[in-house]
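Novice: Mind having a look at this structure? Questions to follow.
The values are calculated or read from the model by the stated rules, or taken from the named source; none is laboratory data. Just so it is clear, the structure is predicted and the values come from calculations on it, not from any experiment. Here the Cβ positions follow ideal geometry from the backbone for every residue, glycine too, while neighbour counts run over all protein chains shown.
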Amino acid sequence: MSSSGLIVLLSGPNLNLLGDREPAIYGPETMADHVATANAAAIKLGFELEHFQTNHEGELVEAVQGARGRAVAIIINAGALTHTSWSLHDALAAFEGVVVELHLSNPASREPFRHTSVVAPVADGCIAGFGGLGYSLAVEATHRLLMARSGS
């Protein structure tokens, strides 16, 4: 089976500052660089990619809800909302496709408040700590999860 469909890539608060914000932790690449990486990986695997970034929790929840019935997967880097947003957790739980949690850094190796993810219980998996490489890895993981679900 060949892959096809829409992957929605969601980026949470402060990710619009990538490339400028704490490059020792998050790397020198911008959000545009990461979206381009994810888009190239998606095209190679036969997917369309749509990206949305917001600094507002409610807008991120609405984006998840808007993906229902039209996207096969969501890749989400929720930023700090990963650790606090039960409304995001609930929205992702209602999404019927693949959900991949994504982080540039490794939250488990950082401050204790970052060790708990409220996204993890409703995600199929997590890509963390690989910097910008994580974006192409997340698309590849999405592809493989969708293939496994389809029995291919």
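Novice: Please verify whether Ser105 is polar (S, T, N, Q), exposed (fewer than 15 other Cβ atoms within 10 Å of the Cβ) and either in contact (Cβ under 8 Å) with a residue 40 or more places away in the chain or under 19 Å from Ala40 (Cα atoms) (or both), treating the condition exactly as stated.
Specialist: Details: polar (S, T, N, Q): yes; exposed (fewer than 15 other Cβ atoms within 10 Å of the Cβ): no; either in contact (Cβ under 8 Å) with a residue 40 or more places away in the chain or under 19 Å from Ala40 (Cα atoms) (or both): yes.
It is false that Ser105 is polar (S, T, N, Q), exposed (fewer than 15 other Cβ atoms within 10 Å of the Cβ) and either in contact (Cβ under 8 Å) with a residue 40 or more places away in the chain or under 19 Å from Ala40 (Cα atoms) (or both).
Novice: Assigned to a loop (DSSP other than H, G, I, E, B) and of a type outside the set (Val, Ile, Thr) - does that describe any residue in region 107-114? It would help to see each step written out before you state the result.
Specialist: Filtering region 107-114 down to residues assigned to a loop (DSSP other than H, G, I, E, B) leaves 110-111.
Imposing the further condition that a residue be of a type outside the set (Val, Ile, Thr) reduces the set to 110-111.
Within region 107-114, one or more residues are assigned to a loop (DSSP other than H, G, I, E, B) and of a type outside the set (Val, Ile, Thr).
Novice: It is to be established whether one or more residues within region 25-32 are modelled with pLDDT under 95, within 21 Å of Ser117 (Cα to Cα) and in a helix (DSSP H, G or I).
Specialist: Yes, some residue in region 25-32 is modelled with pLDDT under 95, within 21 Å of Ser117 (Cα to Cα) and in a helix (DSSP H, G or I).
Novice: While we're here: Give all pairs with beta carbons closer than 7 Å in which a residue from region 43-66 that is modelled with pLDDT of 95 or more and in a helix (DSSP H, G or I) meets a residue that is surrounded by 15 or more Cβ atoms within 10 Å (Cβ to Cβ) and of a type outside the set (A, V, I, L, M); count only pairs at least 6 apart in sequence or on separate chains.
Specialist: Here the result reads Glu57/Ser85; Glu57/Ser87; Leu60/Gly12; Leu60/Thr54; Val61/Ser87; Ala63/Phe52; Val64/Phe95, each pair linking region 43-66 to a residue that is surrounded by 15 or more Cβ atoms within 10 Å (Cβ to Cβ) and of a type outside the set (A, V, I, L, M).
Novice: Sticking with this one: Could you figure out which of (1) at pLDDT below 95; (2) in contact with a strand residue (DSSP E or B) (Cβ under 7 Å, 6 or more places away or on another chain); (3) among the β-branched types (Val, Ile, Thr) isn't true of Ile74?
Specialist: (1)
Novice: In region 48-89, what residues are more than 19 Å from Ala32 (Cα to Cα) and among the acidic types (Asp, Glu)?
Specialist: Glu57, Glu59, Glu62
Novice: Whether any residue in region 96-105 is in a loop (DSSP other than H, G, I, E, B) and at pLDDT below 95 is what I want to check.
Specialist: yes
Novice: Scan region 29-40 and report the pairs whose first residue is in contact (Cβ under 8 Å) with a residue 12 or more places away in the chain and whose second residue is assigned to a helix (DSSP H, G or I) and of a type in the set (S, T, N, Q), with Cβ atoms within less than 6 Å and a gap of 6+ or a chain change.
Specialist: Met31/Asn16; Thr37/Ser136
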